[in-house]
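Below you'll find the structure, written out as structure tokens, and then a few comments.
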Amino acid sequence: MPAENLHAVILAGGAGERLGGARKSDLRVGGRPLIHRVAEALGASDNPLLVATGPGTSLPLLPQNAIAIPDEEVEHTGPVAGLAAAVTALDRRGIREGLLLSVAVDTAFLPTDFADRLCAAIGNAAAAAAAWQDQLYPTNVLWRLENLSRALPGARSPRSLLASLGAVAVNWTGPVDPFANLNTLDDLLELQRRARQHG
């Protein structure tokens, strides 16, 4: 797949309800905002980095070469709304085929080989999803754009999308979960501890 046909979206629209309403993208782990950690792990691209910011009007501090795409008034909610926003944004630019890489903004230790491994694994499948020790992470996925567009209407969750598309799982191994995310204050403290230990 040529690099120009690979697009990426950071799903950053979560309300952070269990964190007192804090915007996850702006929380710092290891001294850096989560959104910048994720963008750095994704690496440079000639295509703009899409950031699905949710239904609100306030925006996170965007990384360089990033474009904010707010959720639209559609039937989708949560991460599915962010995926729908990305598909719509690309469609408006005339992009309806290729690959769309999605990643949750709170994946503080996203592996730097994330995109490469999913691209190598997708083959003829409609999607390839990251997993650690067989635990699937349904927002950290490489989607075939045309299949995703067709499957979105009526979808209730990224997990149901993956099931409907027959996605392949790409398993990372090792003692530490590279896709550990942040939903509670305890999660934030644990990620901070990891950052101090490993830099």
Only four residue types carry charge here, +1 at the Cβ of Lys and Arg and -1 at the Cβ of Asp and Glu. Report the dipole size of the chain about the Cα centre in Debye, rounded to the nearest 20.
240
Hey, with R₀ at 30 Å, roughly what FRET efficiency would Ile67 and Gln192 work out to, going by the Cβ-Cβ distance, to 0.05?
0.55
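Could you check what % of the DSSP bridge pairs in the chain are antiparallel, to the nearest 5?
Values: 12 of 30 bridges.
Antiparallel bridges: around 40 percent, rounded to the nearest 5.
Relative contact order (percent) for the range 132-199, with alpha-carbon contacts under 8 angstrom and 6 or more residues of separation? Working shown, then result.
Numbers: 27 pairs, mean separation 25.2, N = 68.
In percent, rounded to a whole number, it is 37.
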For the range 127-175 and the range 75-118, what is the separation of their Cα centres, given in Å?
11
Under a Gaussian network model of the chain whose springs join Cα atoms within less than 10 Å, the largest fluctuation of Ala68, Ala12, Ala104 belongs to Ala68
Of Arg150, Arg28, ordered by accessible area with the largest first and a 1.4 Å probe, the sequence is Arg150, Arg28
At 15 angstrom or more along the helix axis (alpha-carbon based) and mean Kyte-Doolittle of -1.0 or higher, what helices does the chain contain? Whole DSSP H runs only.
78-92
How far, in nm, would the chain grow between Arg96 and Asp46 when pulled straight, counting 0.36 nm per residue and subtracting the alpha carbon separation?
16.3 nm
Å² per residue, accessible surface of the chain at 1.4 Å:
49
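Rounded to two decimals, what is the ratio between the C-alpha radius of gyration of the chain and 2.2 N^0.38 Å?
On the way: Rg = 15.6 Å, N = 199, 2.2 N^0.38 = 16.4 Å.
That works out to 0.95 for the chain.
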Taking the chain and counting helices only, DSSP H stretches of n ≥ 4 at -39,500 (n - 2.57) each over all residues, the nearest-500 ellipticity at 222 nm comes to -9000 deg cm²/dmol
Percent breakdown of C-alpha pair distances by 5 Å bin, ordered from the shortest bin, for the range 89-199
2, 12, 21, 21, 18, 12, 8, 5, 1, 0
Give me the percent of the accessible area of the chain that comes from carbon and sulfur atoms, probe 1.4 Å, all protein chains in place.
50
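The values are calculated or read from the model by the stated rules, or taken from the named source; none is laboratory data. On a predicted model such as this, the values are computed, not experimentally measured, just so you know. Every residue, glycine among them, receives a Cβ derived from its backbone with ideal geometry; neighbour counts consider all protein chains shown. Calculation scope for accessible area: heavy atoms of the full protein, side chains included, ligands and nucleic acids excluded. Shrake-Rupley method; radii C 1.70, N 1.55, O 1.52, S 1.80 Å.
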